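Student: Okay, handing you the structure first.
The values are calculated or read from the model by the stated rules, or taken from the named source; none is laboratory data. Since the structure is predicted, the reported quantities are computational estimates derived from the model, not experimental observations. As a convention, Cβ positions derive from the backbone with ideal geometry for all residues, glycine included, and neighbour counts pool all protein chains shown.
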Amino acid sequence: MKFVLSEEQHSLAEAIDEIVESAGGTKIARTWADGDPALGRALWAQLAELGLFGLCVAEDDGGLGGTAVDLAVAFERLGYHAVPGPYVESAALLPDLVDAEVRAGLLDGSIIATAAVPGAAPYALDAAAADRSFLVDTASIAPAAAGPGVTSLDRTRTLSPLTAAGPAADLDPAVRALAVDRAALACAAVQLGAGERLLAEAVSYAKIREQFGRPVGEYQALKHQLANVRIALTFARPLIFNAALDLGGPDGPRSVSAAKVAATDAADLAARVGLQVHGAIGYTEEHDLGLWFTRVRALAGAWGTPRQHRDRLASLLLPSTR
């Protein structure tokens, strides 16, 4: 199957690139990690104005009435720029689960929301920077209070346990399952974007880093490693867009798990090769490579661990042995 993005989807990706770069680029992630959310909040408002948080919300509910493919396109660009904040929670998970008032706030950017989902995302991302926090259980959603933050490998990600702090509202389990799969798909798209940026940074640096009087990119062994990353990312991309097309259908859970596994593996390979290409400077906090390296590592277990998604794939693909 050939996946070709529409002109509108290409324009959406380009618009996100322009907005993020004009808002500060990687400086947004660095200041967010240092506890200063000003640039991050300003970017949040601009992306809300673009319509990011209403991509998968029906027009009758104030959204753009887009598709999960639009969401995947947008979140790949967020990953490419290492944009921090609970975007997956606010744009992919919660719009279908909260009431109309909160949904309206999410869409216009006046509410930054985060959530914890036992079994998929046990800790809430950036609860201190969020206006609202929610605990999403199997068949209910409740406002929540955050406990002390837990250190993450990625300095831009602060994780907090949540406890219910108000009455819970019932959820349709099917709606909840679809929202969690949409969040996993968005996470996979972020991983793909981060992997693409790691590869781009590695290729660029390989052209200028010299050993024995030659750029390291001229050595065949390194070319093979970079080519393997290119192949892994290229194979993961159609799985992500196939999952976006299948989302909400009978093959949705299988396709989302396949996409998440492939994106995790490809991004991990991009991180390892990118670090090797950069050598010692890749380990330094001053170099931007760490923004994507640590993001990739942190997201490997977010919205379902690789083992969880492989187990789900096995249960859906293999006949019962009982």
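Student: Going by the conditions given, is Arg237 part of a loop (DSSP other than H, G, I, E, B), in contact with a helix residue (DSSP H, G or I) (Cβ under 7 Å, 6 or more places away or on another chain) and modelled with pLDDT of 95 or more?
Tutor: No.
Student: Could you list all residues from the range 81-109 that are over 17 Å from Leu135 (Cα atoms), surrounded by fewer than 24 Cβ atoms within 10 Å (Cβ to Cβ) and free of Cβ contacts under 8 Å to residues at least 60 places away in the same chain?
Tutor: If the condition is that a residue be over 17 Å from Leu135 (Cα atoms), surrounded by fewer than 24 Cβ atoms within 10 Å (Cβ to Cβ) and free of Cβ contacts under 8 Å to residues at least 60 places away in the same chain, then Ala100, Glu101, Ala104, Gly105, Leu107 are the ones that fit.
Student: Also: Only one of these conditions is not met by Ala179: (1) of a type outside the set (Ser, Thr, Tyr); (2) farther than 30 Å from Leu94 by Cβ; (3) surrounded by 17 or more Cβ atoms within 10 Å (Cβ to Cβ). Which number is it?
Tutor: (2)
Student: Continuing with this model, one more query. Out of the residues in the range 138-168 meeting the condition of being under 23 Å from the mean Cα position of the chain (by Cα) and either surrounded by fewer than 16 Cβ atoms within 10 Å (Cβ to Cβ) or of a type in the set (Ser, Thr, Tyr) (or both), tell me which one is farthest from Leu125 (Cα to Cα).
Tutor: In this case the residue turns out to be Thr138.
Student: Is at least one residue of the range 124-136 among the small types (Gly, Ala, Ser), closer than 23 Å to Gly301 by Cα, touching a Pro at 6+ places or on another chain (Cβ under 7 Å) and surrounded by fewer than 17 Cβ atoms within 10 Å (Cβ to Cβ)?
Tutor: no
Student: Considering only the range 132-159, state which residues are in a loop (DSSP other than H, G, I, E, B), hydroxyl-bearing (Ser, Thr, Tyr), free of Cβ contacts under 8 Å to residues at least 40 places away in the same chain and touching a strand residue (DSSP E or B) at 6+ places or on another chain (Cβ under 9 Å).
Tutor: Thr151, Thr158
Student: Related question: Please count how many residues of the range 31-45 are buried (at least 17 other Cβ atoms within 10 Å of the Cβ) and in a helix (DSSP H, G or I).
Tutor: Summing the residues that are buried (at least 17 other Cβ atoms within 10 Å of the Cβ) and in a helix (DSSP H, G or I) in the range 31-45 gives 7.
Student: How many of the residues making up the range 24-42 are under 15 Å from Leu291 (Cβ atoms) and of a type outside the set (Lys, Arg)?
Tutor: Number satisfying all stated conditions: 11.
Student: Hey, can you tell me all the residues within the range 9-34 that are farther than 15 Å from Phe75 by Cα and in contact (Cβ under 8 Å) with a residue 40 or more places away in the chain?
Tutor: Glu21, Gly25, Thr26, Ile28, Ala29, Arg30, Trp32, Ala33
Student: Pairs, please: C-beta under 8 Å, at least 6 apart or cross-chain, first residue hydroxyl-bearing (Ser, Thr, Tyr) and in the range 56-70, second modelled with pLDDT under 95?
Tutor: Thr67/Cys56
Student: I'd like to verify a number: residues in the range 255-285 that are over 21 Å from Ala72 (Cα atoms) and of a type in the set (Lys, Arg), how many?
Tutor: 1
Student: Counting only residues that are closer than 25 Å to Val150 by Cα, outside any helix (DSSP H, G or I) and not hydrophobic (A, V, I, L, M, F, W, C), how many does the range 160-183 have?
Tutor: 4
Student: Here is a further query. Can you tell me which residue in the range 278-322 is farthest from the chain's Cα centre (by Cα), limited to those that are assigned to a loop (DSSP other than H, G, I, E, B), at pLDDT 95 or above and not small (Gly, Ala, Ser)?
Tutor: Across the range 278-322, the extreme among qualifying residues is Thr305.
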